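Undergrad: If you scroll down you'll find the structure; I have some questions about it.
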Amino acid sequence: MALDGLENNDLKLIIFGGKGGVGKTSCAIATALALSENFKTLLISTDPAHSVSDCLEQQIGFKVVKVDGTANLYAIEVFADEALSEFKTEHQGELKKLLETSTNLDNEDIDEMLTLSIPGIDEVMSFKTIIDFIEEGNYDKYVVDTAPTGHALRLISSPKLLDGWIKVAARMRWKYRYMITSFSGSYKQDEVDAFLLSLKKTVKRIENILRDNTRCEFIPVCIPELMAISETGRLLADLGTSGIISRQIIVNNVMISEGCDFCRRRKAGQLPYLQEISETFSNLNKVEVPMFAEEIKGLEALNQLRMCLFEDKPINQ
Ligand SMILES: Nc1ncnc2c1ncn2[C@@H]1O[C@H](COP(=O)(O)OP(=O)(O)O)[C@@H](O)[C@H]1O
Ligand SMILES: [Mg+2]
């Protein structure tokens, strides 16, 4: 079987996820390469390990660059801390005013508070960056490579987290608003209210696209090994509770060769797991990728992988 349906014009966001080392980065890049033949494609890595640069053998960073040797593929590695500091710089005024008007903190405390790291902020910022790109609309397809499972799940649940923070901030503001109204009789919305409202809209936009199966697809990558299968099962269950349903799964590193005793034994060892994958994920389109003799590095190897994922068929518009 081959990956299918990715050419659908409505489908914008394709996210790869799974256990560490199963081939997410390789498959995300190979898919982006295939799509870029007919669609202007942006590959976005949210993995702090930034293996996209290694795999493409080209330095990618926190700025969109054209991938060498391709006509229509662009890539960026999202550095969550840089995304956060850009956000803080852009909204420093609103953030400070929020704290000034709804806490008893003095200026020094506020400055210190704004430098503190907040759990989950990395994923929120990474996802916000992705959504901003999609809304700018400069590309036809956005392919996202994530870090291992936990990170992908946190990325997916980032709107919920952001929503929780907005609620706390709105409650803090409510007290302030109540006070102003009691003293002066009326309250006029200010830039902090507008800021909170725009954040709330971001949450809605992220949720809407994630839950929309026509605009967003999550592709799990698995290998025929016990731990990878269990982790994929949990990942799919957790995604399901967030309203994200996968249609297809990549089963990577499948032993094909029987040329030597070692290969025969590896192949025989994988058989029960391949069987288990078929049974456990019977509702998904399965795309098997053979174990290559060498690691997947550079455009030539990535194109080999691309051929396996798409059975050498071009993805037409
Ligand atoms: N089908 C394959 N055959 C051989 N090596 C592979 C295959 N798929 C991935 N690899 C190699 O396995 C390592 C991990 O792959 P990678 O795509 O970085 O996984 P992940 O992003 O899930 O951590 C890399 O060195 C990659 O080149
Ligand atoms: Mg990776």
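The values are calculated or read from the model by the stated rules, or taken from the named source; none is laboratory data. Quick caveat, the model's predicted, so the values are computed rather than measured. Cβ sites come from the backbone with ideal geometry, for glycine too, and all protein chains shown count toward neighbours.
Undergrad: Considering only residues that are within 13 Å of ligand 2 (Cβ to nearest atom) and of a type in the set (A, V, I, L, M), look in segment 29-50 and name the one that is modelled with the lowest pLDDT.
TA: The residue in question is 49.
Undergrad: Any residue that is exposed (fewer than 14 other Cβ atoms within 10 Å of the Cβ) and more than 30 Å from residue 170 (Cβ to Cβ) - is there at least one of those in segment 194-213?
TA: no
Undergrad: Could you please find all residues in segment 266-295 being surrounded by 12 or more Cβ atoms within 10 Å (Cβ to Cβ) and either farther than 24 Å from residue 217 by Cα or polar (S, T, N, Q) (or both)?
TA: 266, 267, 269, 270, 273, 278, 280, 285, 291, 292
Undergrad: On to the next question. Only one of these is modelled with pLDDT of 95 or more, among the charged types (D, E, K, R) and touching a Lys or Arg at 6+ places or on another chain (Cβ under 6 Å): 12, 24. Name it.
TA: Answer to the check: 12.
Undergrad: For segment 272-294, what are the residues that are more than 20 Å from residue 5 (Cα to Cα) and in contact (Cβ under 8 Å) with a residue 24 or more places away in the chain?
TA: Listed by number, the residues that qualify are 273, 274, 276, 277, 280, 290, 291.
Undergrad: Please work out which one of (1) part of a helix (DSSP H, G or I); (2) touching a residue at least 24 places away in the same chain (Cβ under 8 Å); (3) out of contact with any strand residue (DSSP E or B) (no Cβ under 8 Å at 6 or more places or on another chain); (4) away from ligand 1 (no atom under 16 Å from the Cβ) is the condition residue 134 fails and give its number.
TA: Checking residue 134 against (1) part of a helix (DSSP H, G or I); (2) touching a residue at least 24 places away in the same chain (Cβ under 8 Å); (3) out of contact with any strand residue (DSSP E or B) (no Cβ under 8 Å at 6 or more places or on another chain); (4) away from ligand 1 (no atom under 16 Å from the Cβ), the one that fails is (3).
Undergrad: What strands (runs of 3 or more DSSP E) lie completely within segment 1-115 and have 2 or more residues being of a type in the set (Ser, Thr, Tyr) and touching a helix residue (DSSP H, G or I) at 6+ places or on another chain (Cβ under 7 Å)?
TA: Ranges flagged: 41-45.
Undergrad: Can you find even one residue in segment 110-127 that is of a type outside the set (A, V, I, L, M, F, W, C) and in contact with a Gly (Cβ under 8 Å, 6 or more places away or on another chain)?
TA: no
Undergrad: Continuing with the same structure: Which pairs turn up if I take residues in segment 150-177 that are basic (Lys, Arg) and look for partners that are assigned to a helix (DSSP H, G or I) with beta carbon separation below 6 Å, at least 6 apart in sequence or on another chain?
TA: 154/123; 173/102
Undergrad: Tell me, which residue of segment 51-75 that is within 16 Å of ligand 2 (Cβ to nearest atom), surrounded by fewer than 20 Cβ atoms within 10 Å (Cβ to Cβ) and closer than 20 Å to residue 15 by Cα is nearest to the chain's Cα centre (by Cα)?
TA: Restricting to residues being within 16 Å of ligand 2 (Cβ to nearest atom), surrounded by fewer than 20 Cβ atoms within 10 Å (Cβ to Cβ) and closer than 20 Å to residue 15 by Cα, the top hit is 51.
Undergrad: Among the residues of segment 293-308 satisfying the criterion of being of a type in the set (A, V, I, L, M, F, W, C) and within 16 Å of ligand 2 (Cβ to nearest atom), which is farthest from the chain's Cα centre (by Cα)?
TA: 301
Undergrad: Working only within segment 26-38, note down all residues that are more than 12 Å from ligand 1 (Cβ to nearest atom) and either among the hydroxyl-bearing types (Ser, Thr, Tyr) or surrounded by fewer than 23 Cβ atoms within 10 Å (Cβ to Cβ) (or both).
TA: 36, 37, 38
Undergrad: Just give me the residues in segment 129-160 being surrounded by fewer than 22 Cβ atoms within 10 Å (Cβ to Cβ), more than 16 Å from ligand 2 (Cβ to nearest atom) and among the charged types (D, E, K, R), in sequence order.
TA: 132, 135, 136, 140, 160
Undergrad: Separate question: Under 7 Å by Cβ, and 6 or more places apart or on different chains, what pairs join a residue from segment 240-259 that is within 21 Å of residue 212 (Cα to Cα) with one that is in a loop (DSSP other than H, G, I, E, B) and of a type in the set (Phe, Trp, Tyr)?
TA: Going by the 7 Å Cβ cut-off, the qualifying pairs are 249/281.
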